[in-house]
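The values are calculated or read from the model by the stated rules, or taken from the named source; none is laboratory data. This one's a predicted model, so the numbers in the text were calculated from it and none came from an experiment. Here Cβ is always computed from backbone atoms with ideal geometry, including for glycine, and neighbour counts include all displayed protein chains. Only protein heavy atoms, including side chains, enter the accessible area calculation; ligands, DNA and RNA are left aside. Shrake-Rupley method; radii C 1.70, N 1.55, O 1.52, S 1.80 Å.
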Amino acid sequence: MSEKEALEDAKLNEEQTKENHVKLEAGDEAKHAEDQVELDGHERLRPTRLYKRRWMIVLLFSSYSLCNSYQWIQYGIINNIFMRFYNVDAFTIDWMSMIYMLTYIPFVFPVTWLLDKKGLRVVAIVATALNCAGTWIKVASVRPNLFAVTFLGQLSCSFAQVFILGMPSKIASVWFGSGEVSTACSIGVFGNQLGIAIGFLVPPILVPNVDDMDELAHHISVMFYITAGVATLLFILVVFVFQERPKLPPTQAQATANSIPPEQYSYISSICRLLRNKPFILLVITYGLNVGCFYAVGTLLNHMIIEHYPGEEVNAGRIGLTIVIAGMVGSLICGIWLDKTKTYKQTTLAVYFMSLVGMIVYAATLNLGHLWVVFITAGALGFFMTGYLPLGFEFAVELTYPESEGTSSGLLNCSAQVFGIIFTICQRKIIENYSTLAGNIFLCVFLLIGTIITGLIKSDLRRQNANLLAKAAAERQMSGQDYGATALISDPQTPSSQA
């Protein structure tokens, strides 16, 4: 072979070697990409990412939840004023609050089905549209003979609430990482609580108890116009800003849930599985007892305060504000605590027991004649009773994973509405026939029952287990890759060894 031919053969061999090397690298990259999504031959580790937009989504949700929950109590906290303006009795005004509870019960299942099928964005748009429509109907109802119209407006807002209450845990799971889902859920609930707080504070300020009916109508009209303006702005923001879900899921648990084909998901089957889940059913009962007590206290607060402190409508609103503000602080603290410790059962039981203690102290001190004492005891009650709300949501998601968060939240809220109506009606009758102390003791008995049942709930944290399994599988994969790389370094393939 001539020198020229040898050089040509060497050049050809070099090009073939480079080509094979490129193919080998491409094959390695493809295999590496495959390894990134397949673990142990069974589980798939899918790409995940956290987006900054998640904070905008949860804050926007909190805002329109605030606007809706504010209207729940805006009649009840000044019930004596609306009784006189519309010439109706106290029980009729109580129904302006209880209608929120009543409409939720039959419509929660269709709405949670819609949430599962159509997603967050559609439900958010429907919620803000109904809420906006209700506020403008109320604007047209500021005449003493138009109570039916104002009730229609409140009915529309109560329908909107059905599309809101089950959203916090769903938004937290769809948008947030495993280390912040409880905090995100707390922020979602925070908006609802802040709205109730504003509902306690603002109506007594905007609508003073004046004798002149025309002046009173003007004050009511101003309150309704402000609410309508805010609701309209939030509806527009949701239409243009609210996003269905991130491009990539935030956690492996959410990625697994997203991978379930729609044709394999049955809403009826999901409900049946939840109803067979004993720990979840116990949580549904205890959640309903606790939150039902809160609804009764909030609805009848004005009546209880004025009975012992006549003419203190504004302070009744401030006491309600204290209850909810303290509860908001409790919610955020509990959410952060859960993200750090994952002690769902222990935290839920401790907060439930302290809600019972707070209710006993509040009941015992209400008639002492010192408003400052009522402020303190009401604040302590609110810190634990209202702070329990996000705990129930997140504990339910843990117990029921991978079932839809909207479905589990819907069942919790349905229980709360049922107990809320029962407790409000019963406590009103007990207060009228006996005393406020007897009515509050009635609630204490059911909080005691709820505390005992909470202690019986088995702590089966399925979502946490799913995330831990995915993390462990990822660590095994990384350790396997490191071992393979070490083996290649320790046994290099050189041309001399191949000769």
Report the convex hull volume per residue for the stretch 63-184, counting only C-alpha atoms, in Å³.
103 Å³
Relative contact order for the stretch 362-486 using alpha-carbon pairs under 8 Å, separation at least 6, rounded to a whole percent?
26 percent
Answer rounded, prolate or oblate for the stretch 175-255, using the Cα gyration tensor with square roots of eigenvalues a ≥ b ≥ c: rounded when a/c is under 1.5, else prolate when a/b is larger than b/c, else oblate.
oblate
Can you figure out the FRET efficiency of residue 372 with residue 121, using R₀ = 56 Å and their beta-carbon distance, to the nearest 0.05?
0.75
Once you order the gyration tensor axes a ≥ b ≥ c over the Cα atoms, which shape class does the stretch 214-342 get: rounded for a/c under 1.5, otherwise prolate or oblate by comparing a/b with b/c?
prolate
Of the heavy-atom accessible surface of the stretch 45-118 (probe 1.4 angstrom), what whole percent is carbon and sulfur?
66 percent
Probe 1.4 Å, accessible area per residue of the stretch 392-477, Å²:
38 Å²
Most to least accessible of 77, 449 (protein chains only, probe 1.4 Å):
449, 77
If you average the sequence gap of Cα pairs under 8 Å that are 6 or more apart and divide by the length of the stretch 80-214, what percent do you get for the contact order?
24 percent
If the chain between residue 247 and residue 438 were fully stretched, how many nm would it gain, using 0.36 nm times the residue separation less the Cα-Cα distance?
63.3 nm
May I ask you to give the percent of accessible area on the stretch 307-422 that is carbon plus sulfur, with a probe radius of 1.4 Å?
75 percent
Whole number in Å², please: accessible area per residue of the stretch 100-234, 1.4 Å probe, ligands, DNA and RNA not counted.
34 Å²
Sorted by packing (mean other beta-carbon atoms within 10 Å per residue), highest first, where do 406-416, 210-220 land?
406-416, 210-220
Sorted peptide list for 185-191, 442-448, criterion being average Cβ within 10 angstrom, highest first:
185-191, 442-448
Looking at the calculated P(r) for the stretch 274-335, what percent of the C-alpha pair distances fall above 19 Å?
50 percent
Obtain the nm distance between the two label points defined at residue 80 and residue 364 by a simple spin-label model: each point lies 7 Å from its Cα along the Cα-to-C-beta direction.
2.9 nm
At residue 268 and residue 340, where each label point lies 7 Å from the Cα along Cα→Cβ, what is the point-to-point distance in nanometres?
4.7 nm
By the gyration tensor of its Cα atoms, with a ≥ b ≥ c the square roots of the eigenvalues, what is the shape of the stretch 378-438: rounded for a/c under 1.5, prolate for a/b over b/c, or oblate?
oblate
With r defined as the distance between the Cβ atoms of residue 148 and residue 210 and R0 fixed at 30 Å, what FRET efficiency is calculated, to the nearest 0.05?
0.80
Expected output is a single nm value to one decimal: the length gained when fully extending between residue 91 and residue 275, i.e. 0.36 nm times separation in residues minus the C-alpha distance. What is it?
62.8 nm
